[in-house]
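Notes follow the structure.
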Amino acid sequence: MTDILYTLALYLALLSSLLILIRRQWTLNLITLTVQFLCLFPVLRSFLPLQVAIIQPLTGLMVTLILYLSLINVGGIKRIDLMLRLTSGEVFRALAGILLLSLLLAFIPQLQPTVFPAVPGSYLFLCLGLIVLGILQIGTTREPFYLAIGILTFLCGFQLLYNRLDFSLMLEALLVAVNLMLAMMGSFFVIKHAEEEAS
Amino acid sequence: MSNPGNTIVLWILLPMVLSIATSFLRRWKKIYHGLSMMIPLLLAVLAVVFSQNLTLNFAGRHIVLSDSMAVFDRTLQITANQLGMVSFLYFLCFAWNLLDPISKESQWFGSLSLSITALWVTVQFLNPFLYAAVVIELITLLSIPLLSPRGSPAKSGIIRYLSAQTLALPLILLSGWMVSGIETSPSAEALVLRGTLLLMLGFVLWLGIFPLHSWLPMLTEESPPWTSSFLLTIMQLSLSFFLLKVLNQYGWLRNLPELVLSLKWIGALCIFSAGVIAAFQTNLKRLPAYFFLAETGYILLSVAFRGIGGLEILRMTLLPRVFGYWVLGFSVSTLQQALDDNTLDFDSLRGLFWRFPLTSVLLFSSLLNLIGAPLFAVFPARRVLWNLLPVDVLPLSILVAIGVLGMLILFLRLFSTLVHPKQEDSQELTETPKKEGPVLIAAVAFILLAMIVFGIFPDLLDDPFRQLWASFQNLLP
Amino acid sequence: MLTYVIFGVLLLGAVLILITHSYKPNTARSWVIAIVSASIAWVASFVLRLYLPADIPLMTWHAESSFADPLALAIDYINWPFLVAILSMAVAVLLTDTTRMEAGITPYSWLRVLTITALNLISILAANPLTMAISWMLIDLVDILSLLQLSSASQLGSKITSAFGIRLLSTFMLVFATANTWRIDPVQVGYAQIANASIYFLMAAGLRLGVLPLNLPFLDSPELRRGSGILFRLMPAASALVLIAQMQDEFLHFDKTFSTVVQVLTLIAAFYSAVMWMTRESSFEARPYWVVALSAFAVQSALNGHPGASRVWGLGLLLSGSLLFLFDPPIRRIMFLPLIGLIGFTGLPYTLAASGWQGLLPEWINFTWVIMVLTHAFLVIGYLRFLFRSESTVTGLEKYARITFPLGLVILIQTILVLNLAGWPGVLTTGSLPGSGISLFIVLVALVLGWKFGFDKASTKLPQTIPFYRLLSLMISSLRQFLSLAWVSTAFRKLFIALSSLGAFFNQIIEGDGGVLWSLVFIVILSIIFLSLGGRS
């Protein structure tokens, strides 16, 4: 049962991240970001005690909340339109994301024993998957809000990886601070953008 | 004897708290500016006072500070011989806050600059030291409101800056994990190579080293000049301290023969690329970025020449370099305010000398100073570094010489732009009264005088920091 | 001590003029202060002759580190004549300024004369290249700022940037040249160790003098045409000439082929400038060519392994040159005064420039020998030509100026004579009898021809009097165009524009939308390079 939940959470997190990369609708992105962070819990719980494993997902939820509140303030929360046709950019990002994940899947069997022998293959796939999807998001956007989400995804993947390699409470605390600051930066840009639009 | 606290509280936690507290006083501008200026000055002075052995005899009381504090499962430690660095960073914060009221760029500058300085101090003394990468990410995030204040759109420079700093974070942390067992493992060549590579790439991204420097000119072009000059200056200097710390801690890295050669080449390439690219620039606000890039090159060269006194040169150049950035930032900021023009394209600057002669002279002098012209503050130490170059490889000297030539071309283009007005404006400019107020005139005259005095008596700037590298015992001869 | 007195008096005079003139303007008082200060310094400079050589340490940079850098002044037989020369020039300018009061000369001009003289003294007395580089920069900044202050936006010529640029380049060349010598002797207390990098030093001096590559000193601004302007243009050359003269005799340690190229370029610069000097309409227009031609003589002397011989050509440039240029208004009755000044550079036996032939002429008569003698003769002919065109009369002068004006010229002549007799040990020499003799013969022939065809009166008659004038004129004009190096600056401008577009394209790629991805590509490339390097080692 734990294994199924672990695997399900792993792929759901990656799928959420992929969705964030592809679709740029604020409401949908916030929901998928929440899902992504929630899915980290079963994965982290597999090797960390409960009180520690909960830190990252909880931080993620707070981050999402901060972003949500800012979007509400500027009237950015709208109904999700799933039927909206995919644009060429979205198709490109989807294909690029899938390609990168496939490449990862292909290379992880060689990479894992040589560089990260202490990290299980599926776990490594999740970490590196989040990292590459985050980088792709950072590299393909000029909008600060998505940049913040991209960085959050990227750091999320990295934090997962590092927790497995060399867990440290201090580092965890620092990364929580970074996540919260990132959320605030995202909010700052959302509000700034709304002010500019209004003026 | 009393033990009122420790170094961590005094130079890291207290400034953070004070920074938050002062931010609530923004409405009372004079008090706010006064506090923003006095707090870092006081912290810098205290760091000097306690730098002997963390003790102070004052009014019959013997005050002793403890030097470490446990945070979570790790420790932060600032010892007496490291206080020179602390003092330097707070002095830098003071210097920028001193002229902040003139620049009028951001009302948050006073409080945020204090927090940022405190965080850079943290970077130097966090243990394990590579965790500092996360603190640097925090600093980056904290500087966003200063670099992209409300009312101005967020452009790609800021995004690029944030991306570069974020990408550096995992590289540095992973390198730390990768090399954690190197010292005890005799056959770890592959690990050494990977670790070095990750570390170097991390620094390349942090400092905006060529060819990953694109965020630098974009950022300075988009951001308020006074603020960006502070952030870039404190970042460059803190990162150079941090680089020394890394070298001091990692014996395998400092003894790597390829490292010295790589640093020399990277340094020379930075100077070369900065000069060559700068020679073609047409926007005044982008120029500080190229000077920053060139100075990064000089810092790396100094570190590379560690074996023949490079660290001494690095120390000698620290304050003159800061002074150079300070003057350049001030002159660009003053011109931006005077013209009420955010772009500062060369075209909009034509004939400016005739309207703002002193500010123009200040700008010329600041450029000449950073290029390393004789008579100015940077020259005495820069000359020593130039002297060391031919000892090694001739192409290095040629790259540096071309870089300097590029900077000279840039200076002459700017000079020509400022003194030659458009044909149709020339008569009008001759008759236009000069538009510089007495405060500005006094400030400019004082700065120019200081620049030349420090150029003739360089030891004035070097003497206070002779013990700066005392904590890097492994790097000293 | 005496050196400090000289600096002190000059600077005190400048400060006094500034204070007194700001408080209560009085032109006569300011002039008296200026002339008294300059005269005291001038007299003191002669007394200094008794204490040669002398070292004056100023300070040591980074004394407690391993990179100690001394700043010092020194007086020896090489720079003392230059010291006397520029102080004489300052006194002469102040005395002859009395005839130019209507030309916008103010007490601030005299303040500038005293300041610029003091600053130039530092560079002349600089004991090592570091001190010289600092003083060059100081002089250039003061020079450019006063020029900007004197001019207005509409008057400023476009050459100001290039002239300033060349000066900057020369200073940086000097600094880099010093860097080159550092590895041989890190404690640079003098010029003795500059042998290995001599070509860079020579280029630094050549750039400043306008010889390497040929570039004419900036003289466009009307303020620089007369009086103190002459001082501002000639004085900066003095320190470059000192630098050349300070080089060691056996200094040519660099590539001989390269040295030959430099020598040919200098030869062309000298000959071309002499021709231009001889054929210009006015002495003002010809002035830059005088500077370049005699500077080229100095550089040539150094290239021939006799840098000491360059001293006399430098002194000729300064003293005889100022004598002619300060002879303004050119009063016919006292024309004999600048004529005496010719002693300074005719090179006849036992005159000041006699020892200069050693550096200028090869041992055997060859092409270079002929060109050099011709060049020298052309310079003398040009000098005489400008003198013989004197037309003013003494009645146009104020009473006091009738005394001060000739006195100013006499000061210069007197200096030439003193240096001729006691400038340095061995100054009295026969020099090259064939060289000076043939040069004198050419001058005499030219004088006869000139007298016959009336060259000295009006150059409009030239076309009728010279055979093949049109062909010659075409050749000279083509040569002039080639040597003016305007084509080089055009080519550079075009190259710069082309490179700018390339740079803009590169910027676009790096800073465009795909910039971050490009950065990642760069990371990968760098990693591969590093890994492959590591793998190889």
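One table, with the values for the structure above:
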{"item": "R0 of 45 Å, Cβ-Cβ distance B:Leu449-B:Ser152: FRET efficiency to nearest 0.05", "result": "0.85"}
{"item": "Extension gain from B:Ser68 to B:Asn474, taking 0.36 nm per residue of separation minus the Cα-Cα distance", "result": "144.0 nm"}
{"item": "Probe 1.4 Å, accessible area per residue of the range B:197-261, Å²", "result": "19"}
{"item": "C:Tyr77 accessible area, assembled protein chains, probe 1.4 Å, Å²", "result": "70"}
{"item": "CD proxy at 222 nm, helix term only [per DSSP H run n ≥ 4: -39500 (n - 2.57); per residue of chain B; nearest 500]", "result": "-22000 deg cm²/dmol"}
{"item": "Accessible area of C:Trp136 in the full protein assembly, 1.4 Å probe (Å², nearest 10)", "result": "0"}
{"item": "Interface area, B with C, accessible, probe 1.4 Å, both sides summed, Å² nearest 100", "result": "5500"}
{"item": "Helical mean residue ellipticity (222 nm; -39500 (n - 2.57) per DSSP H run of 4+; nearest 500) of chain A", "result": "-28000 deg cm²/dmol"}
{"item": "Chain A - percent of accessible surface contributed by carbon and sulfur, probe 1.4 Å", "result": "71"}
{"item": "Efficiency of FRET from Cβ geometry, A:Leu103 and A:Leu8, R₀ 25 Å, rounded to 0.05", "result": "0.60"}
{"item": "For the range A:38-46, Karplus couplings with θ = phi - 60° (6.51, -1.76, 1.60), whole Hz, Gly/Pro x", "result": "5, 5, 5, 4, x, 5, 5, 4, 5"}
{"item": "Unit charges on C-beta of K, R, D, E only; dipole of chain B, Debye", "result": "460"}
{"item": "Dipole of chain B [Lys/Arg +1, Asp/Glu -1 at C-beta], most positive-end residue of B:Tyr161, B:Trp28, B:Phe88", "result": "B:Trp28"}
{"item": "In sequence order, calculated HN-Hα J values of the range A:135-152 (Karplus, 6.51, -1.76, 1.60; Hz; x Gly/Pro)", "result": "4, 4, 4, 4, x, 10, 10, 10, 8, x, 4, 6, 4, 4, 5, x, 5, 4"}
{"item": "Alpha-carbon centroid distance for the pair the range C:1-30 / the range B:299-357, whole angstrom", "result": "36"}
{"item": "P(r) histogram, all alpha-carbon pairs of the protein assembly as shown included - 10 Å bins from 0, percent", "result": "2, 9, 16, 19, 17, 13, 10, 7, 5, 2, 0, 0, 0"}
{"item": "Under 14 Å, Cβ to Cβ, from C:Leu317 - net charge with Lys/Arg +1 and Asp/Glu -1", "result": "+4"}
{"item": "Degrees separating the helix B:394-419 axis from the principal Cα axis of chain B, which is the longest one", "result": "40"}
{"item": "C-alpha long axis of helix B:132-147 to longest principal axis of chain B, angle in °", "result": "20"}
{"item": "Alpha-carbon centroid distance for the pair the range A:1-73 / the range A:125-162, whole angstrom", "result": "13"}
{"item": "Heavy atoms of A:Asp81: accessible area, 1.4 Å probe, square angstrom to 10", "result": "70"}
{"item": "Amide H contacts under 5 Å for B:Val71, placed H, 5+ residues apart", "result": "B:Leu76"}
{"item": "Selection of chymotrypsin sites (Phe, Trp or Tyr not before Pro), the range B:1-88, meeting DSSP coil and at most 11 other Cβ within 10 Å", "result": "B:Phe24, B:Trp28"}
{"item": "Excluding exposed DSSP-loop trypsin sites (Lys or Arg not before Pro) (at most 13 other C-beta within 10 Å), longest clean stretch of chain B", "result": "B:151-421"}
{"item": "Pairwise label distance in nanometres, C:Leu407 with C:Thr429, each label 7 Å out on the Cα-Cβ vector", "result": "3.7"}
{"item": "Where C:Lys159, C:Lys452 fall by accessible area, highest first, once all protein chains stay in place (1.4 Å)", "result": "C:Lys452, C:Lys159"}
{"item": "Chain lengthening between C:Tyr400 and C:Leu12 when straightened (0.36 nm per residue, less Cα-Cα)", "result": "137.1 nm"}
{"item": "Ranking by accessible area, most exposed first, for B:Met16, C:Met137 with a 1.4 Å probe", "result": "B:Met16, C:Met137"}
{"item": "Long pairs among B:Lys155/C:Lys159; C:Lys159/C:Lys494; B:Lys104/B:Lys155; A:Lys192/B:Lys285, criterion Cα-Cα beyond 30 Å", "result": "B:Lys155/C:Lys159"}
{"item": "Long-range amide H partners of B:Asn283 with built H, under 5 Å", "result": "B:Phe346"}
{"item": "For C:Ile56, residues with placed amide H under 5 Å, excluding near neighbours", "result": "C:Leu73, C:Ala74, C:Ile75"}
{"item": "In degrees, nearest ten, helix B:438-456 long axis to first principal axis of chain B (Cα)", "result": "60"}
{"item": "At R0 = 25 Å, FRET efficiency that the Cβ-Cβ distance of C:Ser489 and B:Phe346 yields, to 0.05", "result": "0.80"}
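The values are calculated or read from the model by the stated rules, or taken from the named source; none is laboratory data. For clarity, every value in this text was computed on a predicted model and none was experimentally measured. Reconstructed Cβ throughout: ideal geometry from the backbone, glycine too, with neighbour counts over all protein chains shown. For the accessible areas, the whole protein counts, side chains as well, though only heavy atoms, and no ligand, DNA or RNA atoms are used. Shrake-Rupley method; radii C 1.70, N 1.55, O 1.52, S 1.80 Å.
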